[in-house]
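> Quick one: this structure, given as structure tokens, is what I'll be asking you about.
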Amino acid sequence: MIHHDTKQRGQSPGTLTFTGKQKVDRTKISVFDYNDNSYVEKEITSLDDLKELKFDNKITWINITGLHDINALEKVGRVFNIHPLVLEDILNITQFPKIENYDDYLFVVAKMIDLSPVKSINIEQVSFILSKNYLISFQEDEQDVFDIIRERIRKNLGRIRKLGTDYLMYRLLDAIVDNYFFILENFDDRIDKLEDKVLLNPDHVDINSIYIVRKEIMNLRRAIMPMRDMMYSVEKEKDRHITKSTYFFFRDLNDHLNQIFDSLESYREMINQLVELYISNSSHKLNEVIKLLTIISTIFIPLTFIVGVYGMNFNTKISPFNMPELNWYWGYPAIMVFMLAIGVGLIFFFKRKKWM
């Protein structure tokens, strides 16, 4: 489990504190500057170069990777006049997805989800500053799902270089949401395998593996549900930073999130049913064991009684009522045959009653 640093008590609003874990050596800033006819891709090595960027007649995408350098984020905030509370939210990676409207820009927080090499989910916060001619994205790590967008800008595919920054933000959000479907496919396979094990080979099922999947589904649900609510608010509340034509794309994105959320609800029900099935199978197995032990005990109860009676060894010379069988020539074989008959009779009785 990763423990994040949290904002200390008593700090003033707008105090910048990074609550995540450093994932890159240094903060990197890459820039795509493009229009329908040309594009320029470069990396900013000095924060002072941000002041030299021109936003006339072009769309500029500024991607900032690595949020641990608070001084660098403060300089970015001064260059683009970003409110201190927005910078605070960018550095607080425990934020829920949300959208906030400011005078000069639109602030959006989203959750990018990926699978680690051990097939566990990794949730990363991605923040966006949407203005008329530029879009700034803030990431914790270099690994993302935006490579397909970068290629489309480089090769001028589709309408991405023909439309504005609002459409660019939609495409980035759409890449994040599309990756959710890949995550769902992974969970679908894992749940199917767990279901086969529980039904066909319950003795080899580790209940912890079921609980791990259920916990990851709950984490996904907590990350995606606010995303769905955010997209719904984007669709319903018209914002001047998003053009009318782009709203139709956000509506489609909202439909995808609804579909994903419904799938997560189905997975949650399925995993809960698997837990109940596992517990039911375990209880049934325990009942079978107890039933078998009860049958064995029931068979041996009369045999134990007989052995106990003949273990008292009353002297037959004192009284003829003191176990005359002890002096019989065939006494021992007779009692063994009698005990065997009782055992076989009880087994036959239990089978007839279908108790075993």
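The values are calculated or read from the model by the stated rules, or taken from the named source; none is laboratory data. Just so we're clear, the structure is a prediction, and the values are computed from it rather than from any experiment. Glycine gets a Cβ as well: all are built from the backbone with ideal geometry, and neighbour counts include every protein chain shown. With ligands, DNA and RNA removed, areas are computed over all heavy atoms of the protein, side chains included. Shrake-Rupley method; radii C 1.70, N 1.55, O 1.52, S 1.80 Å.
> Open to solvent by 50 Å² or more (accessible area, probe 1.4 Å), on the phi < 0 side of the Ramachandran plot and assigned to a loop (DSSP other than H, G, I, E, B): which single residue out of Ile347, Ile318 fits that description? Give the steps one after another, and end with the answer.
Numbers: Ile347 fails: assigned to a loop (DSSP other than H, G, I, E, B).
It is Ile318.
> Answer yes if at least one residue in the stretch 161-176 is assigned to a loop (DSSP other than H, G, I, E, B) and either under 17 Å from the mean Cα position of the chain (by Cα) or within 22 Å of Lys111 (Cβ to Cβ) (or both), and no otherwise.
To start, the set of residues in the stretch 161-176 that are assigned to a loop (DSSP other than H, G, I, E, B) comprises 161-164.
Going one step further and asking which of them are either under 17 Å from the mean Cα position of the chain (by Cα) or within 22 Å of Lys111 (Cβ to Cβ) (or both), we end up with none.
No, the stretch 161-176 contains no residue that is assigned to a loop (DSSP other than H, G, I, E, B) and either under 17 Å from the mean Cα position of the chain (by Cα) or within 22 Å of Lys111 (Cβ to Cβ) (or both).
> Scan the stretch 86-110 residue by residue and report those that are assigned to a strand (DSSP E or B) and among the aliphatic types (A, V, I, L, M). Talk me through it step by step, then tell me what you get.
Residues of the stretch 86-110 assigned to a strand (DSSP E or B): 98-101, 106-110.
The answer is Ile99, Leu106, Val108, Val109, Ala110.
> Also: Of all residues in the stretch 195-211, count the ones that are surrounded by 12 or more Cβ atoms within 10 Å (Cβ to Cβ) and free of Cβ contacts under 8 Å to residues at least 24 places away in the same chain. Spell out the reasoning first.
So the first thing to find is which residues in the stretch 195-211 are surrounded by 12 or more Cβ atoms within 10 Å (Cβ to Cβ), and the list is 195, 197-199, 202, 205, 207, 209-211.
Of the ones still in play, those that are also free of Cβ contacts under 8 Å to residues at least 24 places away in the same chain are 197, 209.
Residues flagged as surrounded by 12 or more Cβ atoms within 10 Å (Cβ to Cβ) and free of Cβ contacts under 8 Å to residues at least 24 places away in the same chain within the stretch 195-211 amount to 2.
> Is it the case that Ile113 is at pLDDT below 90, touching a helix residue (DSSP H, G or I) at 6+ places or on another chain (Cβ under 6 Å), in a strand (DSSP E or B) and crowded, with 19+ Cβ neighbours inside 10 Å? Working first, answer last.
Values: at pLDDT below 90: yes; touching a helix residue (DSSP H, G or I) at 6+ places or on another chain (Cβ under 6 Å): yes; in a strand (DSSP E or B): yes; crowded, with 19+ Cβ neighbours inside 10 Å: yes.
When the stated conditions are applied, Ile113 passes them.
> What tally of residues in the stretch 51-85 results from selecting those that are open to solvent by less than 70 Å² (accessible area, probe 1.4 Å) and either on the phi > 0 side of the Ramachandran plot or not in a helix (DSSP H, G or I) (or both)?
Counting residues in the stretch 51-85 that are open to solvent by less than 70 Å² (accessible area, probe 1.4 Å) and either on the phi > 0 side of the Ramachandran plot or not in a helix (DSSP H, G or I) (or both) gives 16.
> Please find, among Ile301, Ile306, the residue that is modelled with pLDDT of 80 or more and over 60 Å from the mean Cα position of the chain (by Cα).
Values: Ile301 fails: over 60 Å from the mean Cα position of the chain (by Cα).
Among Ile301, Ile306, only Ile306 is modelled with pLDDT of 80 or more and over 60 Å from the mean Cα position of the chain (by Cα).
> Considering the stretch 298-356 alone, what residues qualify as being within 29 Å of Asn287 (Cα to Cα) and among the basic types (Lys, Arg)?
Result: Lys351, Arg352, Lys353, Lys354.
> Next up: Mind checking whether some residue in the stretch 38-45 is open to solvent by 100 Å² or more (accessible area, probe 1.4 Å), modelled with pLDDT under 85, closer than 18 Å to Gln139 by Cα and more than 34 Å from the chain's Cα centre (by Cα)? Steps first, please.
Going through the stretch 38-45, the residues open to solvent by 100 Å² or more (accessible area, probe 1.4 Å) turn out to be 45.
This time we only want the ones that are modelled with pLDDT under 85, so: 45.
Restricting the remaining residues to those that are closer than 18 Å to Gln139 by Cα gives 45.
Those still in the list that are more than 34 Å from the chain's Cα centre (by Cα) too: 45.
Yes, the stretch 38-45 contains at least one residue that is open to solvent by 100 Å² or more (accessible area, probe 1.4 Å), modelled with pLDDT under 85, closer than 18 Å to Gln139 by Cα and more than 34 Å from the chain's Cα centre (by Cα).
> Taking the stretch 236-277, which residues are outside any helix (DSSP H, G or I) and without any contact (Cβ under 8 Å) to a residue 40 or more places away in the chain?
Glu237, Lys238, Arg240
> In addition: So if I check each of Arg78, Arg161, which one is within 19 Å of Thr60 (Cα to Cα), among the charged types (D, E, K, R) and in contact (Cβ under 8 Å) with a residue 24 or more places away in the chain?
On the way: Arg78 fails: in contact (Cβ under 8 Å) with a residue 24 or more places away in the chain.
Sole residue among the options that is within 19 Å of Thr60 (Cα to Cα), among the charged types (D, E, K, R) and in contact (Cβ under 8 Å) with a residue 24 or more places away in the chain: Arg161.
> Kindly evaluate Val126 against the criterion of being aliphatic (A, V, I, L, M) and at pLDDT below 85.
On the way: aliphatic (A, V, I, L, M): yes; at pLDDT below 85: no.
So Val126 fails the test.
> Provide a single number: the residues in the stretch 265-287 that are loosely packed, with under 11 Cβ neighbours inside 10 Å and among the basic types (Lys, Arg).
Total meeting the criteria: 0.
> Give the residues of the stretch 125-157 that are in a strand (DSSP E or B) and open to solvent by less than 10 Å² (accessible area, probe 1.4 Å), sorted by residue number. Full working, then the answer.
Kept after step one, since they are in a strand (DSSP E or B), are these residues of the stretch 125-157: 125-130, 134-139.
Residues satisfying the conditions are Gln125, Val126, Ser127, Phe128, Ile129, Leu130, Leu135, Ile136, Ser137, Phe138, Gln139.
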